[in-house]
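Just so it is clear, none of the values below were taken in a lab; they were calculated from the coordinates. Since the model is a prediction, treat every value here as computed from it, not as a measurement. Don't worry about glycine lacking a Cβ; one is built from the backbone with ideal geometry, like all the others, and counts go over all protein chains shown.
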């Protein structure tokens with residue numbers, strides 16, 4: 001082994017050592033330019049990058065020629081020294097600038113007295129992205145090994161720059177992605193919801209998954225989960241367009257099948273990438289869920305007893321794959337304490353495993369996970385991503401109906417539009433506790449009247465809540481309706497009929513009003529006389 | 001459409017017939033009241049409000065009926081209700097003694113016949 005070769009191996013190691021990977025791009029370039037000038041006994045070094053549009057080079061980092069960067073030096077590709085390197089995509093050597101046929105554009109070479117130059121292209125996947133050059137203040141020769149060493153540095157620099165660009169784009173994509181997801185989920189009486197978005201561990205793989213919750217008219221609420229193929233800015237941007245389109249169609253169109261059919265037409269016209277999506281609506285007065293599915297993984301219905309089933313009856317092709325596709329919808333009536341789990345494929349797809357294995361694993365984990373939706377979401381995402389780095393984004397949305405055990409506690413927004421939902425909830429609760437139809441009707445009107453009083457008398461406009469608490473003790477059902485406002489005197493001749501109506505249907509009505517709010521306690525023995 | 005309540009209107013000679021199907025509460029009562037009163041022309045003798053298909057009514061709906069009865073009375077027009085006996089709506093109306101202020105019939109035919117029998121130009125006996 002010659003001495004020359006030994007030195008070269010050490011030199012290459014100084015350039016490629018892995019510790020450099022932890023530096024940010026500016027520090028890395030500074031460090032590499034320092035080392036390469038040292039190894040090649042050069043006086044100057046510079047990195048120029050091809051600008052957007054591909055016609056010009058701009059100085060990005062320099063040593064000995066720092067003003068080049070400060071002055072924002074740029075030159076057209078094909079002209080001057082660096083322009084020539086980028087143009088012919090091969091190393092260029094100038095042994096003496098004074099006698100060279102290549103006339104540099106950069107006045108700094110003359111100002112600084114640079115005499116000899118060696119430049120190599122920065123290449124990523126066959127594309128020239130810039131130029132790295134070193135210079136000497138005295139005329140010198142550059143040997144083949146100098147050129148090779150500089151090319152090693154150039155490859156290293158090119159990779160780092162590309163990586164950094166992807167990272168930045170990935171970070172922007174993730175920021176965009178997160179800005180398009182709901183910051184909080186709406187509070188809906190009788191429902192508990194939780195959601196998670198986990199970006200891919202590799203920042204360059206972020207983008208495209210989303211979930212959404214849409215408050216609709218007529219006691220309904222809409223749920224969306226979707227996944228745009230691909231990653232990065234383009235996927236995140238298209239996701240944003242699809243998200244807005246679903247929202248617009250959902251407000252305009254009642255049937256999920258029509259919403260998805262319209263969305264598919266929208267996607268056809270966008271000529272963009274493939275995407276999968278589920279749109280579901282839930283009627284708060286019946287707990288009927290209707291949904292349509294475009295190529296998306298099946299929703300999982302989790303029963304209160306821990307068993308579960310995938311809802312597989314209908315489905316159509318992913319968006320953007322079959323022109324003019326139409327979609328059917330299916331429906332399921334949720335029982336008390338049931339959960340609907342919507343998720344993206346990142347949750348169940350594992351390299352080297354079949355999809356059915358992923359589905360089976362999800363079923364198993366979801367069934368044994370805690371009931372409370374936040375905890376359930378947490379358990380599902382953490383158990384299914386254990387031992388792996390998250391290769392793809394994951395979005396999960398859990399929608400759960402309240403359990404109607406002996407004790408029911410819910411909050412209802414103080415708005416007239418919520419009265420029907422309050423009646424639905426209390427009917428369900430009385431039913432679940434084996435009350436008769438008369439019991440259901442009696443509590444429905446008494447609770448609705450008490451809530452209406454709170455809405456009318458206790459609060460001004462705003463997002464105030466009414467607490468509803470129902471308990472059954474030895475066959476006696478007690479429902480408390482509590483607000484935090486102060487009741488005003490009934491106004492108008494026809495007002496104030498609510499309390500006699502409550503009394504008519506209940507065994508006992510008591511109203512406790514203080515400065516901190518009003519609590520109405522309604523009591524009725526269930527199945528009296530049955 | 002899962003509207004809470006559906007109102008259908010029909011004229012039978014000089015009697016206006018309004019059917020309310022579904023639920024009446026504070027969220028839809030203002031809208032119903034407006035459409036109901038707009039539907040009764042000055043020339044009509046009576047409004048028959050059919051609540052046979054009304055599954056739920058609360059105090060706001062009761063107020064609507066009292067208001068409508070008072071307005072029609074001022075115009076010498078009659079209001080009659082159709083309510084299925086022993087129904088939930090019947091019970092609510094009973095709780096506020098509606099029958100003392102507004103005539104209630106068990107079936108639509110009874111109500112239409114009763115309007116025909118009475119003379120609307122005579123002031124109400126009370």
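Determine the shielding of peptide B:54-62 by partner chains: average, over its residues, the number of Cβ atoms on other chains within 10 angstrom of each Cβ.
6
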Counting each pair of different Cα atoms once, what's the Kirkwood radius of the stretch A:105-244 in Å, rounded to one decimal?
19.4 Å
Using the per-residue mean of other Cβ atoms lying within 10 Å as a proxy for protection, in what order, highest first, do the peptides B:74-82, A:286-294, A:507-515 fall?
A:286-294, B:74-82, A:507-515
For the stretch A:318-414, what ratio Rg/Rh do Cα atoms give with a Kirkwood hydrodynamic radius?
1.05
Between residue A:511 and residue A:525, the two model label points (7 Å from Cα along the beta-carbon direction) sit apart by a distance in nm of 2.6 nm
What average number of partner chain Cβ atoms lie no more than 10 Å from the Cβ of the residues making up A:411-418?
2
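What area, in nm² and to one decimal, does the C-alpha convex hull of the stretch A:139-187 cast on average over all directions?
4.7 nm²
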Rounded tilt (10° steps) of A:373-384 against the dominant C-alpha axis of chain A
40 degrees
Neighbouring Cβ atoms within 10 Å as the yardstick, rank A:457, A:353, A:231 fewest first.
A:353, A:457, A:231
Taking each residue of B:25-32 in turn, how many C-beta atoms of other protein chains fall within 10 Å of its C-beta, and what is the average?
5
Distance in nm between label sites at residue A:181 and residue B:87, each 7 Å beyond Cα in the beta-carbon direction?
5.0 nm
Ranking A:440, A:451, A:377 by Cβ neighbours within 10 Å, fewest first, what do you get?
A:440, A:377, A:451
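How high is the relative contact order of chain B, in percent, counting Cα pairs under 8 Å that sit 6 or more residues apart? Working shown, then result.
Values: 192 pairs, mean separation 28.2, N = 126.
Relative contact order, chain B: 22 percent.
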Starting from the 7 Å offset along Cα-to-Cβ, what nm value, one decimal, do you get for the label separation of residue A:357 and residue A:38?
4.9 nm
Got a sec? How would A:239, A:167 order by Cβ neighbour count within 10 Å, fewest to most?
A:167, A:239
Helix A:3-16: angle to the longest alpha-carbon principal axis of chain A, degrees 0 to 90, nearest 10?
30 degrees
Centre separation in Å (Cα based) which lies between the stretch A:247-279 and the stretch B:1-76:
39 Å
In the P(r) worked out for the stretch A:180-401, what percent of Cα pairs fall beyond 33 Å?
9 percent
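Could you grab the relative contact order for chain A? Cα pairs under 8 Å, six or more apart, rounded to a whole percent.
Relative contact order here is 9 percent.
Evaluate the protein assembly as shown: find the radius of gyration of its Cα atoms, find its Kirkwood radius, and give the ratio Rg to Rh. Walk me through the numbers on the way to the answer.
On the way: Rg = 37.6 Å, Rh = 30.9 Å.
For the protein assembly as shown, the value is 1.22.
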P(r) over all Cα-Cα pairs of the stretch A:407-525, 10 Å bins from 0 to the longest distance, whole percent per bin, short to long, reads 14, 50, 30, 5, 0
Bounding extents of chain B in its principal axis frame from Cα atoms, largest first in Å, are 39, 27, 24
Percent of beta bridges antiparallel (DSSP, the stretch B:5-117, rounded to nearest 5)
35 percent
The alpha-carbon center of the stretch A:352-420 and that of the stretch A:22-93 are separated, in whole Å, by 53 Å
Taking 35 Å as R0, compute the FRET efficiency from the Cβ-Cβ separation of residue A:274 and residue A:167 and round it to 0.05.
0.85
Would you report the distance distribution of C-alpha pairs in the stretch A:3-173 as whole percents per 5 angstrom bin, up to the bin with the largest distance?
1, 9, 19, 23, 22, 15, 8, 3, 1, 0, 0
Debye log10 I(q)/I(0) for the stretch B:37-105, one point scatterer per Cα, at q = 0.17, 0.19, 0.21, 0.29 Å⁻¹
-0.58, -0.72, -0.87, -1.45
Burial order of peptide ranges A:119-130, A:326-337 (average beta-carbon count within 10 Å, highest first):
A:119-130, A:326-337
Using the beta-carbon distance between residue A:253 and residue B:74 and R0 = 41 Å, what value does 1/(1 + (r/R0)^6) give for FRET efficiency, to the nearest 0.05?
0.40
Full-extension gain in nm, residue A:202 to residue A:409, via 0.36 nm per residue minus C-alpha separation
70.3 nm
